[in-house]
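Okay, structure first, notes after.
The values are calculated or read from the model by the stated rules, or taken from the named source; none is laboratory data. A quick note: this is a predicted structure, and the numbers were derived from the prediction, not measured. Counting neighbours? That spans all protein chains shown, and the Cβs are built from the backbone with ideal geometry, glycine included.
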């Protein structure tokens, strides 16, 4: 069901400059050599010309926008989605809010705490209106003390409350790392099962629009080793609402990763109540030639690249892994057994990222089924620069995905 | 046993009238719960609030219970010391002997609905909350029958049904948790309070002040108790804190400094704090106490303080000796009776140790239990959609 709705969202973006790239001119991404990757650059010519540029001349050439919006635009999505089933249309942040509100209605133990979630309505409007409806005790505006209010949420959860802790930006949760790692993740185990910690820790992360290094962090790689937590990443209004509801209902601590640039995605979601399985991956586009595993915003870059690839005659299978911990090795495995080639496209850093763990997991479990080494495209291991062009080069772009697929499918 | 002997013997004596001053000598029935009032040795010092009265309402039953509980805790810690040296307890073992008055005094002032959360020096607090000796020793020795099924260890004792929330290894991290417990109590309208215990070392953590700010802002029924034993591991308070008045550090939050070696003073302060917290929000209690052992079993405890200091405190301020003197001076029990009680407690502890030594270690499959809770009809699968099972060679 979800695949139908989401194809609409992914296909709606229009990307004329990229369709004209001659990808053979691009430096091929290499898994082994970091230095080769750092020299990678993107060539875009809307007039159809393709040239190889050194880094300096690319900086000079600023007339064309290099990277188009990898975010679904409004009009196209609405048209393609409403045909599939009746429902209501909303933006991703509204879907999150709807999920949160429904759960708060359903269970009086659910409360929200975070900075500016109450009267301000949430810095990304996810909690807008909730304070008026549920009151100050259930939608708590905290002072700026991530360590303390995350700890508070966990302590409250030990007694049976179900707090949803919001980090205004995921990067701020680094200040609460001790609480998340030692108390949130481990208390169920070290108490011999006496306490459960049904918290949801959520917030926007990822590289945005020139937000600077400290506000463009991707914490999934830091949190992934913490035992005892689950991590999920939402990418569409449908799975945002579903995952939010499932995370709140789960007895385990769940970290829900949202992305700053995806809050305004529009989609039609069902009217009836639904939740998404926390441990399941989502099949975005079935295919035969290659499995592309991705999550969060990179899903849209992948779908964009998929359009190009389809035009070139490839048939990629795109899976949004959604569950970052634990991996849905079942869905992934079935896909690998079918296509024998894997490309991982992620936004977190190369070193110690989700892709690194996933590569290891796939190699361990499905080695016999692979015809080519697992390739992983990640963000560069650099603090995210402020300059727009540099920032664009930090994350994986659709053109690089196309090149990688072509290389893998040779 | 000793108690029944005492009560049968004392039935022949007249029931005493209520006395106000400790100087009157009358034979009190040891199971008598008629009130006695005793003055604390040291007055309370307060910050932004009224001091509670120095006259503590208690009874012979209660004082006897103090003696018994403290003696049991002391014996348990000494037994843990020997077990650690015999390598049956491994890792870190932080002993509480010297500080027992805090655990028993607090228990006397509160109910099991009030929550307690503390740091890694949690053995005696666990016993105070109703934990069994054999559960404690089993957990220390890593056995399956331990209170955390052997998975927590010395620093992770918990007892959910008695509202004892542990047992935390990271210094100061339990303070925000404690404020969270208080928040939940306010949310659920429990009319109960939370005691969040921490040490003089943890008093310098930023999260303490963050949590204090939140608690004061939202009027949470949180009582932050600083167990000031004057040493943060090897660093004395004068070397680690610019302001040694931990009870004043709350600034806008009232505080009370209490003689932590006097179980009755602790009881009075906790009672006062509970009433305060339910009405006015957070309060800080600084308990002036002392630990005889080092920070942990790997610390001899004498490199940063003199043996004279330790023995001096033991002679002058020992909590059990103080209660013993009270019992003797009020004729609640004789020397011999107290000695017999101690012998019995020793036997009780030895039996618990023996029983714990016989307990089984956890199975290998326990490694993966209690990682996640299965719920929502949703299960966590491995690569083959089967449940993750452990097979160890």
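So residue B:104 passes all but one of these: (1) in contact with a helix residue (DSSP H, G or I) (Cβ under 6 Å, 6 or more places away or on another chain); (2) at pLDDT below 95. Which condition number does it fail?
(2)
Could you please give the count of residues in the stretch B:46-61 that are surrounded by fewer than 20 Cβ atoms within 10 Å (Cβ to Cβ) and not in a strand (DSSP E or B)?
Looking only at that region, the number is 7.
Go through (1) surrounded by fewer than 24 Cβ atoms within 10 Å (Cβ to Cβ); (2) in contact with a strand residue (DSSP E or B) (Cβ under 7 Å, 6 or more places away or on another chain) for residue B:241 and report which single condition fails.
Among (1) surrounded by fewer than 24 Cβ atoms within 10 Å (Cβ to Cβ); (2) in contact with a strand residue (DSSP E or B) (Cβ under 7 Å, 6 or more places away or on another chain), residue B:241 violates only (2).
Looking at (1) within 18 Å of the chain's Cα centre (by Cα); (2) more than 8 Å from every other protein chain (Cβ to nearest Cβ); (3) in contact (Cβ under 8 Å) with a residue 40 or more places away in the chain, which is the only condition residue B:240 fails?
Checking residue B:240 against (1) within 18 Å of the chain's Cα centre (by Cα); (2) more than 8 Å from every other protein chain (Cβ to nearest Cβ); (3) in contact (Cβ under 8 Å) with a residue 40 or more places away in the chain, the one that fails is (1).
Filter the stretch A:124-155 down to the residues that are away from every other protein chain (no Cβ under 11 Å), buried (at least 24 other Cβ atoms within 10 Å of the Cβ) and either under 21 Å from residue B:118 (Cα atoms) or free of Cβ contacts under 8 Å to residues at least 40 places away in the same chain (or both) and list them by number.
A:127, A:139 - these are the residues of the stretch A:124-155 that are away from every other protein chain (no Cβ under 11 Å), buried (at least 24 other Cβ atoms within 10 Å of the Cβ) and either under 21 Å from residue B:118 (Cα atoms) or free of Cβ contacts under 8 Å to residues at least 40 places away in the same chain (or both).
Taking the stretch A:158-173 on its own, how many of its residues are in a helix (DSSP H, G or I) and either under 14 Å from residue B:174 (Cβ atoms) or facing chain B (nearest Cβ under 7 Å) (or both)?
2
Select from the stretch B:110-158 the residues that are in contact (Cβ under 8 Å) with a residue 60 or more places away in the chain, assigned to a helix (DSSP H, G or I) and either touching a strand residue (DSSP E or B) at 6+ places or on another chain (Cβ under 8 Å) or over 25 Å from residue B:194 (Cβ atoms) (or both) and list them in ascending order.
Correct list: B:125, B:133, B:134, B:137, B:138, B:140.
Working only within the stretch A:224-238, note down all residues that are away from chain B (no Cβ under 14 Å) and surrounded by 23 or more Cβ atoms within 10 Å (Cβ to Cβ).
A:233, A:234, A:235, A:236, A:237, A:238
Looking at the stretch A:245-283 only, could you name the residues that are touching a helix residue (DSSP H, G or I) at 6+ places or on another chain (Cβ under 6 Å), closer than 24 Å to residue A:358 by Cβ and within 12 Å of another protein chain (Cβ to nearest Cβ)?
Hits for the stretch A:245-283 are A:253, A:254, A:276, A:278, A:281.
Please count how many residues of the stretch B:175-211 are in contact (Cβ under 8 Å) with a residue 12 or more places away in the chain, buried (at least 24 other Cβ atoms within 10 Å of the Cβ), assigned to a helix (DSSP H, G or I) and facing chain A (nearest Cβ under 9 Å).
Number of matching residues: 13.
Restricting attention to the stretch A:342-357, which residues are within 19 Å of residue A:290 (Cα to Cα) and buried (at least 23 other Cβ atoms within 10 Å of the Cβ)?
If the condition is that a residue be within 19 Å of residue A:290 (Cα to Cα) and buried (at least 23 other Cβ atoms within 10 Å of the Cβ), then A:342, A:343, A:344, A:345, A:346, A:355 are the ones that fit.
For residue B:78, all conditions in the list (1) modelled with pLDDT of 95 or more; (2) assigned to a helix (DSSP H, G or I); (3) touching a helix residue (DSSP H, G or I) at 6+ places or on another chain (Cβ under 7 Å) hold save one; what is the number of the exception?
Every listed condition holds for residue B:78 apart from (3).
Being part of a strand (DSSP E or B) and within 16 Å of residue A:290 (Cβ to Cβ) is the filter here, so list the residues in the stretch A:365-410 that pass it.
A:375, A:376, A:377
Filter the stretch B:105-134 down to the residues that are buried (at least 22 other Cβ atoms within 10 Å of the Cβ) and within 14 Å of another protein chain (Cβ to nearest Cβ) and list them by number.
B:114, B:115, B:116, B:117, B:118, B:119, B:120, B:122, B:126, B:129
In the stretch A:326-364, what count of residues is obtained for those that are assigned to a loop (DSSP other than H, G, I, E, B) and either closer than 15 Å to residue A:379 by Cβ or touching a residue at least 60 places away in the same chain (Cβ under 8 Å) (or both)?
Residues in the stretch A:326-364 being assigned to a loop (DSSP other than H, G, I, E, B) and either closer than 15 Å to residue A:379 by Cβ or touching a residue at least 60 places away in the same chain (Cβ under 8 Å) (or both): 6 in total.
So in the stretch A:193-219, with the set limited to residues that are within 14 Å of another protein chain (Cβ to nearest Cβ) and farther than 21 Å from residue A:125 by Cα, which one is surrounded by the most Cβ atoms within 10 Å (Cβ to Cβ)?
Step by step, filter the stretch A:193-219, then rank; the result is A:197.
Can you report the number of residues in the stretch A:302-325 which are assigned to a loop (DSSP other than H, G, I, E, B), under 18 Å from the mean Cα position of the chain (by Cα) and over 17 Å from residue A:239 (Cα atoms)?
So the answer is 0.
Looking at the stretch B:160-172 only, could you name the residues that are at the interface with chain A (Cβ under 8 Å from one of its Cβ atoms) and either touching a residue at least 12 places away in the same chain (Cβ under 8 Å) or farther than 18 Å from residue B:96 by Cα (or both)?
B:160, B:165, B:166, B:167, B:168, B:169
Enumerate the pairs (first residue in the stretch B:310-338 and loosely packed, with under 13 Cβ neighbours inside 10 Å; second residue anywhere and assigned to a helix (DSSP H, G or I) and modelled with pLDDT under 95) with beta-carbon separation below 7 Å, excluding pairs fewer than 6 apart on the same chain, so at least 6 apart or on different chains.
Note: pairs meeting the criteria are B:335/B:328.
If you check A:324, A:343, A:370, which single one turns out to be in contact with a strand residue (DSSP E or B) (Cβ under 8 Å, 6 or more places away or on another chain) and within 14 Å of another protein chain (Cβ to nearest Cβ)?
On inspection, the qualifying residue turns out to be A:324.
When residue A:190 is evaluated against the numbered criteria (1) within 13 Å of another protein chain (Cβ to nearest Cβ); (2) buried (at least 24 other Cβ atoms within 10 Å of the Cβ); (3) touching a helix residue (DSSP H, G or I) at 6+ places or on another chain (Cβ under 7 Å), which criterion, by number, is the only one it fails?
Failing condition for residue A:190: (3).
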